[in-house]
1. Could you go through the range 395-404 and let me know if any residue there is assigned to a helix (DSSP H, G or I), crowded, with 16+ Cβ neighbours inside 10 Å and at pLDDT below 95.
2. Cβ-Cβ under 7 Å, sequence separation 6+ or interchain: first residue in the range 197-209 and under 15 Å from V261 (Cβ atoms) and crowded, with 23+ Cβ neighbours inside 10 Å, partner of a type in the set (D, E) and at pLDDT 95 or above. Which pairs?
3. Select from the range 289-338 the residues that are small (G, A, S) and within 20 Å of K82 (Cα to Cα) and list them in ascending order.
4. Return the residues of the range 170-189 that are under 22 Å from I362 (Cα atoms), touching a strand residue (DSSP E or B) at 6+ places or on another chain (Cβ under 8 Å) and in contact (Cβ under 8 Å) with a residue 40 or more places away in the chain; say none if nothing qualifies.
5. What is the number of the single condition among (1) closer than 30 Å to E194 by Cα; (2) touching an Asp or Glu at 6+ places or on another chain (Cβ under 6 Å) that A112 does not meet?
6. So which residues in the range 212-249 are aromatic (F, W, Y) and part of a loop (DSSP other than H, G, I, E, B)?
7. Out of G357, G353, report the one residue that is open to solvent by less than 60 Å² (accessible area, probe 1.4 Å), on the phi > 0 side of the Ramachandran plot and outside any helix (DSSP H, G or I).
8. Kindly list the number of the only condition in (1) within 30 Å of T322 (Cα to Cα); (2) out of contact with any Phe, Trp or Tyr (no Cβ under 9 Å at 6 or more places or on another chain) that fails for L87.
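The values are calculated or read from the model by the stated rules, or taken from the named source; none is laboratory data. Since the model is a prediction, treat every value here as computed from it, not as a measurement. Cβ sites come from the backbone with ideal geometry, for glycine too, and all protein chains shown count toward neighbours. Please note that ligands, DNA and RNA were not included when accessible areas were found on the heavy atoms of the full protein model with its side chains. Shrake-Rupley method; radii C 1.70, N 1.55, O 1.52, S 1.80 Å.
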Amino acid sequence: MERKYLIQPFLTKKYPIIHYGKGVFLYDKSGNEYLDGSSGAVTANIGHGVQEIIEAMHEQSKKVSFVYRSQFSNEPAEQLAKQLSELSPGALNWSFFVNSGTEAIETAMKVALQYWQEKQRPEKQLFLSRRLSYHGITIGALSLSGFITRRERFEPLLENYPSLSPPYCYRCPFHSTYPKCHLQCAEELEDIIERIGAKYIAAFVAEPVIGAAGGAILPPDGYYQKIKKICQRYNILFIADEVMTGMGRTGKMFAIEHWNVTPDIMAIGKGLSGGYAPIAATLISDEVMKPIEEGSKVIMSGHTFSANPQSCATALAVIRYTLKNKVIDEVEAKGELLKKKLTPLAKRFPFIGDIRGKGLLIGIELVENPRRKKSFPRHWNVSQRVIDHALESGLLLYPAASGQNGLDNNGILIAPPLTITPIEIDQLVERLAKTFILTEQSIIKLERS
């Protein structure tokens, strides 16, 4: 067996080698076709091989691909920052460009700390986040993440920030139902703040729709309005992690806009460049920037490739393409169509417990017993089985955690490119049905063994 040199997610697994992509499809070197039902890692928002983006990248490469941000600015970065200011809610007018969503979250944390330092409140150093959350894989971002299986190997290095229950209506942590629950999952934030002390807390961080750690968990109406009011009451910043949900994924440019709430800081990535180049950003409000402008006048963060012209030009081209073609205008309708077509599968396959989400970020939670919402045994790793069977069926899906503590590997995300057509949605559902037939057979074998 020929030795390997590339470190891949699973070292012993043989991965297909992708040759090219077009639209919502990818093709490997053996000629197999895959419908990209997850946009990779919920990233390829406008699909693959868009000629307009390729040409914009080529044009920028003929000018300059890299300058160092401590020596120069560049037109693509300036234009992208202006464009994001125009698209963002409220006064989120400042952009700090980085290379990944994780770095965007790290920068958001640093800015929040610096904000309070500049305001002579250096004791405000703690962050609050939710259980069943994922904010990134570096030590700081992982400290925010309530994703136990991703934390456990590094637990000695991590802060214990996740403390708030998720707004998980399918498995309500308070054993209640909406609206009788009176949004206890949001009110819990106030209890935690009072127990710790607001004077020590810098910010609360949340994904508007919980992604990989919960499988598109959508909060009930009024949740974020209450969260924002509590943060304001206790003088705590609200950071929205829009890395997965931003740039149109849920039917608005940013998912938090569904609740008419404006965060103080926002992290974006993934769909910002649609996967055509590595780039992410931390968007910062005028109010948060003001004491820094009037104080030290420098944000202590940055990376070698931050705000490089090649990535910025690519992201700008993706945004312009999205706006010109009114891609986001159709996302909610496409999401509803996809959910409608998934509904018969829930009747056909009894292991489908819940279908949820917003726009084209849809989660499916798989359960052993739908009536009791009993999860499959963890060691069965049902979500990975579904992912593998989907690959056999020519479909790409994204795994998600699920269950009361987020320890069950029984969720999947369906998040195709926002440009998917109704005909392609039909193809996706057909391939998913084939996937579930194989999954059902796999489960039967496990039950008999």
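1. Taking the range 395-404 first, the residues assigned to a helix (DSSP H, G or I) are none.
Checked the range 395-404: no residue is assigned to a helix (DSSP H, G or I), crowded, with 16+ Cβ neighbours inside 10 Å and at pLDDT below 95.
2. Close Cβ pairs satisfying both conditions: V205/D241; A206/D241; E207/D241; P208/E242.
3. Quick first cut of the range 289-338, residues small (G, A, S) only: 295-296, 301-302, 306-307, 311, 313, 315, 317, 333, 335.
Selection gives G302, S306, A307, S311, A313, A315, A317.
4. First, the residues of the range 170-189 that are under 22 Å from I362 (Cα atoms): 170-173, 177-178, 185.
From the residues that got through so far, the ones that are touching a strand residue (DSSP E or B) at 6+ places or on another chain (Cβ under 8 Å) too are 170, 185.
Hit for the range 170-189 is Y170, nothing else.
5. The single condition A112 does not satisfy is (2).
6. Within the range 212-249, the subset aromatic (F, W, Y) is 223-224, 234, 238.
Matches in the range 212-249: Y234 only.
7. Exactly one of G357, G353 is open to solvent by less than 60 Å² (accessible area, probe 1.4 Å), on the phi > 0 side of the Ramachandran plot and outside any helix (DSSP H, G or I), namely G357.
8. Only one criterion in (1) within 30 Å of T322 (Cα to Cα); (2) out of contact with any Phe, Trp or Tyr (no Cβ under 9 Å at 6 or more places or on another chain) is unmet by L87, namely (2).
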